[in-house]
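The next block holds one structure in the form of structure tokens; read it before the comments.
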Amino acid sequence: MRDNGIRHTKESAMVKWWCPRISFTIIHECLIMHGHYGYSKDLPIEQYLRDSILTEIGDGTPEIMKLIISRISWEGNL
């Protein structure tokens, strides 16, 4: 969309909200599947879980992303 000069603020906010959420959910399920061993330093799962949380914080909190999405969606309906 950017390459074609189309406004993409809403779509980028959607990706910044959705991808960290899904990655956290997937990694959390993996950690649960491995039990206590998955949370130990022997496997990298616990590090992946912390990293997925950091991407969510670094890109902007989910609440801010949802606010951006809703504002732009509301503007489009006017």
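Could you tell me which of SER40, VAL15, ILE27 has its Cα farthest along the dipole of region 2-49 towards the positive end, charges placed at Cβ (Lys, Arg +1; Asp, Glu -1), taken about the Cα centre?
Toward the positive end, the furthest listed residue is VAL15.
Would you tell me the accessible area of SER52, worked out with a 1.4 angstrom probe on the heavy atoms of the protein chains, in Å² to the nearest 10?
10
When only DSSP loop residues count, what trypsin sites (Lys or Arg not before Pro) in the chain have their Cβ near at most 16 other Cβ atoms within 10 Å? Before the final figure, lay out each step's value.
On the way: sites: ARG2, ARG7, LYS10, LYS16, ARG21, LYS41, ARG50, LYS66, ARG71; in loops: ARG2, ARG7, LYS41.
Filter output for the chain: ARG2, ARG7, LYS41.
May I ask you to give the percent of accessible area on region 1-77 that is carbon plus sulfur, with a probe radius of 1.4 Å?
Carbon and sulfur: 62 percent of the exposed surface of region 1-77.
The values are calculated or read from the model by the stated rules, or taken from the named source; none is laboratory data. Every value quoted in this text rests on a predicted model; they were computed, and no experiment measured them. Using ideal geometry, Cβ is built from the backbone for each residue, glycine included, and neighbour counts are taken over all protein chains shown. Ligands, DNA and RNA are excluded from the accessible area calculation, which covers all protein heavy atoms including side chains. Shrake-Rupley method; radii C 1.70, N 1.55, O 1.52, S 1.80 Å.
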